[in-house]
Amino acid sequence: MRGQSKWRDGRPVAWLFAVTIVLPSLALAVLAYRALDSDRQVAEQVWRERLQDETRRAFSQLERRVLETRRRADALARGEELDRRTPDGMIALILGPELKLAPVSAFAWTPDGRLPVTAALPAELEQAESQELRQASPRQAIPMYASLLRRAPAPWRGWIHLRLARVFAQAGEAAESRAALQRASSLPDSPDLAPSRFAARFELAAASPEEAALLYRDLNAGTWLLEKSPYAYYEMRLLEWAGGRIPPEILAGEQRRQVMSRLLERVLHGESGWLTEGSVSALATTSSHTRGAAILTPDTQWELWLAETAREAPRDLFIRAGAAPPRDSRRAPALSLSSLGLPWWVWSEPRDPGAPGRENQSRRRLLLAALLVVAGVLAFGSFATVRLVRRELRIAQLQSDFTATVSHEFRSPLTGIRQLGEMLLAGRAANDEPRRRQYYELICRESDRLTRLVENVLDFVRMEDGRRQYRFERIETGEWLRELAGIAAQRRTVDADLPPELPPVEGDKDALSSAVLNLLDNAIKYSPDGAPVSLQASGEGGWVTIGVRDQGRGIAPEEQRRIFDRFYRGPEAGGGPAPGVGLGLALVKRIADAHGARIRVESAPGKGSTFYLSLKAAV
Ligand code: ADP
C-alpha cells in the first residue's frame, strides 16, 4: 500500500539539499578563496610600495649628498675657504693657477710643477755655495757655512746644516756630518721652502733601516707633500732602505694615496664623474665658477653614507646597494644611481624574506578555520535535517499505512460479531447451551478487542493533541496488578508473580492499566497459543518495576529502537495473524513519560521478550 510519491524515494530531498546547502556553500568557498587571493595581492602591493618608498628615501638621501657636494664645489670655486668646506673623507682640490689640496694627507704626490715656487736662495748662501764648489778642499767651506749659520735668517738654517753635513762628509768627518744632519732634522720646515727636515731625515735614513721606516710612515701621514718625480725617487729609496720594516697597513695606505694622486692627475686633465684606478674609485665633482674646483669623494665615503642611510631604514627592512639590480626586481624594486654619477643600484629588502607572506598566511588560516567551522555547522545541520526529514517521511508513510490497518482491524472483529449475532438469531445453537455460551463469549471478546482498539486510538489522539488529562491517585500495586492479570487471563493463562508487600504507586489508574494491558496484549499476541505469559512485579529503591514476559518470537536488536515509535509495526506483525495498528507501545511510552516512569525491553529473537515498566513508589 506504499505510495510511490516522489518525496519518498529521497531524490527531491537530495536536490533540495544540493540547491539550498551544497551550492551556496560552494559559492561561499569560492568567494572566500577569491577574497583571500585579492587579500594576498593587496598585502603584496602594500609591501612593494613600502619597499619602493624606502628605496626612494635612500635614493634621495644619496642624491642630497651629491647635490651638497656640487654646492661645495661651487662654493670652493667662488673662493670660499677650502678647509672649512671639506668634510672628512672628501677631498677638495682647487684647480686654480696653483693647486691646493685639502686634506694634503689624502695624496701621495702632487703633479710636477704644481707646488708653490720656493723663495730664492739668499745671496750669501749662494756665494758660499759657489765658493764651496771652487775651493779644492771641502774643509775650507766648513767655517764659511758655520759663520753663515749665525747670521742667516731662521728659515734657511736647516738647509745650511744640510750643507755643513755635506762638506763634513766630504772631509771624511762622518760623526760631524751626522750631527749636522740631526740638527737639520730637528728644525722646523719653512712653508716657503723645500722641506729641509725631510731632506735631513732622508740622508739619515740611508744609514738606518729604522729611520727609513719611520720616515716612510711620516710621509704616509701626509707630513710633506712632494711633487710626482721626487716622490717616486724618495719612495723607492725608502722602501729599499727600510727592507721590509714597513707595516702592511702603511704600505696599503700609501698605495691608496698614490691612486688618489693619479685620480687627481686625471681630474686636472679635465675628467669628472666616477673615476676608477685599480680597486679605488671616487666621484669627481667639478665646478668652474670663477676658478676651477673639484671634489673627489672616494668610494669609502660613499659606503659610509650608504651605511648611514641603511641605519635610518625601518627595523624590518634592509637597504642594499650593488653594481647590478637584484634578480627578483618585483620583490625588491631597485633604483639606478647612474643619474647621480654613481655606478650602483639601491634597493630595499625585507629583513625576513618570509615576512610579506606571513600576515596574509595568518589571515588565511583564520579564514580557513572559519570556513571549516561553517562547513562543519552546515554538514551537521544538513545531516540533522536529512535525518529529521527522513523520519517525518517515514512517519507519514506509517500514518498512511495506519489508516489501512485501522480499517482492516475494525472490520474483522465487526464481521465476527455480526456473523455470530446472525447465527444466534437464526437459532443455530438454540438447543446447544455450551455452544451458545461460546458464541456469547466470542462476541464479548471481539467487542472487548474493538473497545481496546477504539480506546487506544482515541487515547492516542488525545495524547497527541495534549488533551489527555491524568487524574493521579494512590494505587495499591498488588491488588491492581492482580485485577489486570485477571482481565488478561480471559485470553491466556497469566502467571502472576506478585509479592504481597509491594509498595503502592501514584498515577492515573486508567492510563497505567491501559499501558500494562497493552504489554500483556502484545505478550499474548506475539507468542504462540498456549505459551506462558507472566506478570511480575518487585519493589526496590523507591521504584516498583512491573515485568511482562512472554516466550514468543522476540524482537531483533535493531527493531527494539523503533518499536516505541507511533505507527511502527514489526516486519512480521503486519502480515501475520497478530492484529494491531502500531499504537500500543507508543501509547505505553507516552503514558510512562507522563508518569515519570521508565520503559525498557529485554528481548532476543526466538527467545521471547520482557517489557519492564518502572514506576516511582508512592511516598
Ligand atoms: P502493534 O502490536 O499494534 O503492532 P505495538 O506498538 O504494540 O503495535 O507494537 C509495535 C511492534 O512491536 C509490533 O508490531 C511488534 O512487531 C513488536 N512487538 C511488541 N511487543 C512484542 C512482543 N511481546 N513480542 C514480539 N514483538 C513485539
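The values are calculated or read from the model by the stated rules, or taken from the named source; none is laboratory data. Here the structure is a predicted model, which means the values were calculated and not measured. Cβ: placed from backbone, ideal geometry, glycine included. Neighbour counts: every protein chain shown.
Looking at PHE383, PHE402, which one is surrounded by 15 or more Cβ atoms within 10 Å (Cβ to Cβ) and assigned to a helix (DSSP H, G or I)? Quick ask: steps written out before the conclusion?
Values: PHE383 fails: surrounded by 15 or more Cβ atoms within 10 Å (Cβ to Cβ).
Unique residue meeting the criteria: PHE402.
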LEU502 vs (1) under 29 Å from LEU393 (Cα atoms); (2) in a loop (DSSP other than H, G, I, E, B); (3) out of contact with any Lys or Arg (no Cβ under 6 Å at 6 or more places or on another chain): all pass except (1)
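Please verify whether PRO577 is more than 9 Å from the ligand (Cβ to nearest atom), farther than 19 Å from MET463 by Cβ, surrounded by fewer than 21 Cβ atoms within 10 Å (Cβ to Cβ) and modelled with pLDDT under 90, treating the condition exactly as stated. Full working, then the answer.
Numbers: more than 9 Å from the ligand (Cβ to nearest atom): yes; farther than 19 Å from MET463 by Cβ: yes; surrounded by fewer than 21 Cβ atoms within 10 Å (Cβ to Cβ): yes; modelled with pLDDT under 90: yes.
For PRO577, the condition - more than 9 Å from the ligand (Cβ to nearest atom), farther than 19 Å from MET463 by Cβ, surrounded by fewer than 21 Cβ atoms within 10 Å (Cβ to Cβ) and modelled with pLDDT under 90 - is met.
Among the residues that make up region 347-354, is at least one of them part of a helix (DSSP H, G or I), charged (D, E, K, R) and modelled with pLDDT of 80 or more?
No - not one qualifying residue is present in region 347-354.
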If LYS509 passes every condition in (1) within 13 Å of the ligand (Cβ to nearest atom); (2) out of contact with any Ser or Thr (no Cβ under 6 Å at 6 or more places or on another chain); (3) within 23 Å of PRO499 (Cα to Cα); (4) of a type outside the set (S, T, N, Q) but one, which one does it miss? (1)
List the pairs whose first member sits in region 519-535 and is in contact (Cβ under 8 Å) with a residue 12 or more places away in the chain, whose second member is more than 11 Å from the ligand (Cβ to nearest atom) and small (Gly, Ala, Ser), and whose Cβ atoms are under 6 Å apart, counting only residues at least 6 apart or on separate chains? LEU520/ALA488; LEU535/ALA485; LEU535/ALA496
Considering only region 512-535, state which residues are more than 8 Å from the ligand (Cβ to nearest atom) and over 18 Å from LEU450 (Cα atoms). LEU512, PRO528, ASP529, GLY530, ALA531, PRO532, VAL533, SER534, LEU535
Name the pairs whose Cβ atoms lie under 8 Å apart, with the first residue in region 116-127 and without any contact (Cβ under 8 Å) to a residue 24 or more places away in the chain, the second not aromatic (Phe, Trp, Tyr), and 6 or more positions between them or separate chains? LEU121/GLU129
Residue check, GLY244 against (1) within 30 Å of GLU211 (Cα to Cα); (2) in contact (Cβ under 8 Å) with a residue 40 or more places away in the chain; (3) not aliphatic (A, V, I, L, M), all met but one. Which one? (2)
Among residues belonging to region 53-72 that are among the hydroxyl-bearing types (Ser, Thr, Tyr) and crowded, with 19+ Cβ neighbours inside 10 Å, point out the one that is nearest to LEU335 (Cα to Cα). THR55
Residue selected from region 587-619 under the condition loosely packed, with under 15 Cβ neighbours inside 10 Å and either part of a loop (DSSP other than H, G, I, E, B) or free of Cβ contacts under 8 Å to residues at least 40 places away in the same chain (or both), by the criterion farthest from the ligand (Cβ to nearest atom): VAL619
For the subset of region 309-321 comprising residues that are in a helix (DSSP H, G or I) and touching a residue at least 12 places away in the same chain (Cβ under 8 Å), which member is surrounded by the fewest Cβ atoms within 10 Å (Cβ to Cβ)? ALA310
Could you tell me whether any residue of region 412-424 is within 16 Å of the ligand (Cβ to nearest atom), of a type outside the set (S, T, N, Q) and either at pLDDT 90 or above or surrounded by 14 or more Cβ atoms within 10 Å (Cβ to Cβ) (or both)? yes
Residue match in region 560-569 (condition: near the ligand (Cβ under 8 Å from one of its atoms), closer than 21 Å to ASP508 by Cα, part of a loop (DSSP other than H, G, I, E, B) and among the hydrophobic types (A, V, I, L, M, F, W, C)): yes
Single residue of ALA119, ALA179, ALA108, ALA175 found to be modelled with pLDDT under 85, assigned by TED's automatic domain parsing to the domain that holds GLU203 and among the small types (Gly, Ala, Ser): ALA119
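Could you check, for region 545-555, whether at least one of its residues is touching a helix residue (DSSP H, G or I) at 6+ places or on another chain (Cβ under 8 Å) and more than 13 Å from the ligand (Cβ to nearest atom)?
Looking only at region 545-555, we keep the residues that are touching a helix residue (DSSP H, G or I) at 6+ places or on another chain (Cβ under 8 Å), and these are 546, 548-550, 552-553.
Subsequent filtering for residues that are more than 13 Å from the ligand (Cβ to nearest atom) retains 546.
Among the residues of region 545-555, at least one is touching a helix residue (DSSP H, G or I) at 6+ places or on another chain (Cβ under 8 Å) and more than 13 Å from the ligand (Cβ to nearest atom), which makes the answer yes.
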If ARG217 satisfies all but one of (1) assigned to a helix (DSSP H, G or I); (2) of a type in the set (D, E, K, R); (3) more than 60 Å from the chain's Cα centre (by Cα), what's the number of the condition it fails? (3)
For LEU484, which of the numbered conditions (1) at pLDDT 90 or above; (2) surrounded by 17 or more Cβ atoms within 10 Å (Cβ to Cβ); (3) not in a helix (DSSP H, G or I) fails to hold? (3)
